[in-house]
Amino acid sequence: MTTTPPEDGQPDNNFGLPPPPGSGPPPPDFPPYGFGPRPFTQSETQSWVLAAHLGPLLIGFLAPLIVMILVDKRSAFARQQAVEALNFQLSFLLYAIVAAFSLLLLIGLLLLPVVGVLWLVFMVIAAVRSSNGEPYRYPLTIRMVT
């Protein structure tokens with residue numbers, strides 16, 4: 001049984017399903033990949049990865065957390081890099097707190113700047129490598145989020 005599209009421009013009540021096989025090409029606005037969110041293009045993935053790695057310069061560990069939540073089903077690479085960036089940010093937050101408390105023992109005068117410089121250098125390296133499509137794993141990171 002084949003159905004023909006209505007002539008009056010009204011919907012054909014297929015409830016958004018593709019037409020049955022052999023009934024002609026799908027309508028022009030029907031997505032070729034099926035249902036669900038549209039996967040990211042390469043440039044969109046690159047933008048989200050950069051936001052995950054460099055966003056902490058503005059809003060701290062919230063940047064990779066937001067990216068991780070927003071790109072969940074649309075780009076596996078962007079989600080993996082956001083998780084990696086989130087683990088790094090949480091680890092270095094912990095290191096900074098320990099270094100700040102060690103200021104009482106005066107060793108924090110050395111530790112706190114070292115933690116800050118490593119934090120910045122590792123984020124820039126991660127942003128450059130992952131924007132080229134290469135997965136990056138931060139060193140000195142406690143893997144808390146998977």
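Computed from the coordinates by the stated procedures, all read-outs in this text should not be read as laboratory data. The structure displayed is predicted, hence computed values, not measured ones. All Cβ positions, even for glycine, are placed from backbone atoms using ideal geometry, and neighbour counts span all protein chains on display.
Any residue at all in the range 131-145 that is more than 22 Å from W48 (Cβ to Cβ) and hydrophobic (A, V, I, L, M, F, W, C)? Within the range 131-145, one or more residues are more than 22 Å from W48 (Cβ to Cβ) and hydrophobic (A, V, I, L, M, F, W, C). Checking each residue in the range 115-146 for being over 18 Å from P56 (Cα atoms) and without any contact (Cβ under 8 Å) to a residue 24 or more places away in the chain picks out N132, E134.
Among the residues of the range 54-80, the one identified as small (G, A, S) and either free of Cβ contacts under 8 Å to residues at least 12 places away in the same chain or in contact with a strand residue (DSSP E or B) (Cβ under 8 Å, 6 or more places away or on another chain) (or both) is A76.
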